[in-house]
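Working notes, structure below.
The values are calculated or read from the model by the stated rules, or taken from the named source; none is laboratory data. Owing to the predicted nature of the structure, the values given are computational and were not obtained by experimental measurement. All Cβ positions, glycine included, derive from the backbone under ideal geometry; neighbour counts span all protein chains shown. Accessible surface is based on the protein model in full, side chains and every heavy atom, while ligands, DNA and RNA are left aside. Shrake-Rupley method; radii C 1.70, N 1.55, O 1.52, S 1.80 Å.
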Amino acid sequence: MAATMLSRAFITRATIRGVLLAVAAGMVMAAEPAVFERAERLPLTATSIPLDPQDAAHRDVGRLRYMGGLALRSTNANFGGVSALRAGRDGWLLGITDTGTWVSLRTVERGGRLVGAVGGTIAPLRSDTGAVAHAKSDVDAEGLEWDPATGDALVSLEGDHRVMVYRGIDPARPASLDTNAVATIRNPATARWSSNSGGEAIATLAGGDRLIFEEGDAQPTLDVLRIGGGGTQVLHYTPPTGYRPTDAVEIEPGVMLVLNRHFAPSDGVAAALTLVPVGAAMQGTEIARIKPPLNIDNMEGMALVRVAGRTFIYLVSDDNFNGFQRTLLMKFELMPTR
């Protein structure tokens with residue numbers, strides 16, 4: 001959980017300190033779960049944002065080229081807290097939130113640039129009994145893996161560490177989000193994880209194995225569970241100093257693209273993307289770091305899209321239902337190594 005560093009002219013240092021302290025306090029008072037029982041329409045207002053509020057021509061950061069971004073708002077009070085993201089067909093994006101909801105929306109693009117978004121559906125996550133949880137510890141969804149071809153989806157939750165399994169999920173069909181989990185999986189390897197440092201990211205390898213990244217607390221090296229036909233292996237990931245992993249996707253066989261988030265009251269938020277070969281001891285090569293004065297917030301979700309040999313990355317932020325933060329959706333192109 002983190003705050004946006006407001007890149008506005010004439011904001012005093014005292015004001016910035018006050019904002020960051022308010023957000024740090026808000027980290028303790030997490031938003032409560034959604035209180036609705038059925039899928040609802042999700043109206044969205046999308047406002048375009050530059051990468052750099054001080055320089056509209058600034059487009060490159062590391063190996064990423066900015067392809068447009070949006071600040072998203074909704075009149076639906078349950079919208080916010082987006083903590084993971086995946087991409088489907090025809091511009092559809094599927095997300096989950098840490099208050100226990102599905103979120104779907106469709107991007108509007110022009111000339112390859114992200115210029116708008118159309119709201120889809122928001123729906124409560126249902127357990128394998130059909131229940132909708134009403135306690136934060138029961139519904140803190142943090143990681144999502146989804147196959148748009150089959151509709152199979154895995155959602156990792158922390159607090160009560162587990163993975164919920166869904167079938168037939170399609171962001172373009174609202175009724176498909178109003179479905180029960182078909183199974184709930186608990187892995188004994190998560191027993192030593194603290195309640196607030198569970199499965200922050202879940203991803204699938206080309207061979208079918210799953211990786212679940214521990215968010216961790218203050219320790220420099222974090223668990224990564226590799227789960228497959230051979231059982232569970234405990235791997236280890238060392239993120240950039242001061243950062244925690246928040247989402248991951250396999251970008252080429254055996255190599256993960258990991259989104260890492262930084263927050264500190266002294267300097268606000270930042271995001272770092274790393275390329276991480278899968279192995280017993282995993283440490284990545286940083287390809288981009290996004291920090292103020294660039295537009296940035298508490299980036300927790302990431303989706304990968306390939307079009308005509310080009311690779312595009314969508315990042316989304318978790319606003320923690322905090323008035324000082326925003327839900328940002330940003331698109332980048334991964335540029336070849338120079």
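Taking the residues in the stretch 160-188 that are small (G, A, S) and outside any strand (DSSP E or B) as candidates, determine which candidate is most open to solvent (accessible area, probe 1.4 Å).
A175
Of T285, T274, all but one fail to be over 18 Å from the mean Cα position of the chain (by Cα) and among the polar types (S, T, N, Q); the exception is T285. Taking residues in the stretch 50-63 that are without any contact (Cβ under 8 Å) to a residue 60 or more places away in the chain, and partners anywhere that are of a type in the set (F, W, Y), the pairs with Cβ atoms closer than 6 Å and at least 6 places apart or on different chains are R59/Y66. Hey, does the stretch 203-225 have a residue that's of a type in the set (S, T, Y) and in contact with a Gly (Cβ under 6 Å, 6 or more places away or on another chain)? No; the residues of the stretch 203-225 include none that is of a type in the set (S, T, Y) and in contact with a Gly (Cβ under 6 Å, 6 or more places away or on another chain). Flag: E250 matches the condition of being charged (D, E, K, R), closer than 20 Å to G199 by Cα and either open to solvent by 10 Å² or more (accessible area, probe 1.4 Å) or over 14 Å from the mean Cα position of the chain (by Cα) (or both).
The residues in the stretch 118-141 that are surrounded by fewer than 20 Cβ atoms within 10 Å (Cβ to Cβ) and in a strand (DSSP E or B) can be counted, and the count is 1. Here are some conditions: (1) closer than 21 Å to T47 by Cβ; (2) open to solvent by 10 Å² or more (accessible area, probe 1.4 Å); (3) at pLDDT 95 or above. E286 meets all but one. Which one does it not meet? Going through the list (1) closer than 21 Å to T47 by Cβ; (2) open to solvent by 10 Å² or more (accessible area, probe 1.4 Å); (3) at pLDDT 95 or above, E286 breaks only (1).
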